[in-house]
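See below for the structure under consideration.
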Amino acid sequence: MKRSKDRILTTFAGNLASPNDLLTMMAAKEAGQLYDSTAYEARVKSAVAESVRLQADCSVDIICDGEQGKASFFGYVGERLTGFEVGDGPPMSQSRGTRENRDFSEFYDWYATKREPAIAASFVMTCTGPIAYQNQAALQQQLDTLKAALTGVKAEEVFAPSISPTNIEGPRANAYYKSDEEYEAIVDAGFLLQVDDPRMITHYITRPDDSLADIHKWVVVRIAALNHALRGIPANKVRFHTCYSMNMGPRTHDMALKDIIDLLFTINAEGISYEAGNPRHDHEWQVFKDVKLPSDKVLIPGVISHTTTLVEHPELIADRLTRYASVVGRENVIAGSNCGFSSQATLEPEIHPTVVVAKLKAMAEGAALASKQLWGSFPWNCIARNLGLAN
């Protein structure tokens, strides 16, 4: 991973809304209906190219494919791992009460009626045998599509998201994961690996009767499994992303960063990406006044939110970044987003794509302002033309 050596670099969690025509074809594919596979593959390629270009135009430094070829990580597991059988019913995690549901059940019942995913997971997957990786061709096609989309695009680095063992286990009965082929293939292709693991700190919310000690014991075992899957992959090729698995909500029961950060630092990943840019977590930069950042770690705090259509002011973003830099060092901070901007494959994403563009541009402008404060100067022209700020 590159560090912010002469300016604050920018990135995001990886997910952008897919175009409606692609979602329509994806829904047919996931439902086992007839669809034009040639047209589908061509549209995935063009959607990835559009996503990559959008990120570059918004002056995002560290980019990815926008996860345009994935309906969800739920179906993605069935496509790429053997050992699971599909049955009827909702995923396990959807049937459990949470700390949030206990206090705000009326809100969450109401909210559930407002968002219908274009591709819904109306089935449960159960592990019935040893798990092995399959469908290397789909993975290779995904990586080749991303490489092709990068032609003529300038980026500091490129990453590819992949699901974590913890998230594979979560909504599936008797889950057992011991495959690391996808992780290695991403790194071998020349990209950074991003391990997406929202469940790592969401577990606290979903277990209202567990103590903090119980949660810690659970997390330690899952980190051991993840580190096993990452064995042989240099930590400086890996970034780990976690969040609270919800978008709109009161969020009064989110786990405090101070209660989990020491455990997150034991993951064999140089970059730690997490929610920081919302009213429940904006204060948590102060955690690092007491917790020392290991020399082999880089923080990627979210400075723009996926839970509000308000576009953060660049000066607010700069303030967030300079506060982090003041406690961990400017070279150890990369600007990021709280989470992806389309958590479900839906025709009505919570944040409209035009607002996402404005947020990404605000992040780049805010990082430039922070860089000027932290380094005393900044090569403004390197982003001004993209942001429409050049004279």
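Bear in mind these aren't lab numbers, they're just calculated from the coordinates by the rules spelled out. Given the structure is predicted, the values throughout are model-derived calculations rather than measurements. Here the Cβ positions follow ideal geometry from the backbone for every residue, glycine too, while neighbour counts run over all protein chains shown.
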**Request:** Quickly estimate the mean residue ellipticity at 222 nm for the chain, helices only: each DSSP H run with n ≥ 4 gives -39500 (n - 2.57), and the total goes over all residues, rounded to 500.
**Result:** -12500 deg cm²/dmol
**Request:** Using a 10 Å Cβ count of at most 12 others and DSSP loop calls, identify the longest part of the chain lacking such trypsin sites (Lys or Arg not before Pro).
**Result:** 293-391
**Prompt:** Using the count of nearby Cβ atoms within 10 Å as a rough guide to exposure, how do 311, 303 rank from fewest to most?
**Reply:** 311, 303
**Part-to-part distance (alpha-carbon centres) for segment 32-76 and segment 226-273, which is given in Å** = 25 Å
**Request:** Please identify, among 113, 242, 206, the residue showing maximal mean-square fluctuation in a Gaussian network model of the chain using a 10 angstrom Cα cutoff.
**Result:** 113
**Prompt:** Once you list every other residue whose beta carbon is under 14 Å from the beta carbon of residue 296, what net charge do they have if Lys and Arg are +1 and Asp and Glu are -1?
**Reply:** +3
**Fill in**
Any residue on another chain or 5+ positions along whose placed amide H is under 5 Å from the amide H of residue 273 is listed here as 240, 241, 242, 300
**Item:** Max mean-square fluctuation residue, GNM over the chain, Cα-Cα springs under 10 Å, options 185, 148, 364
**Value:** 148
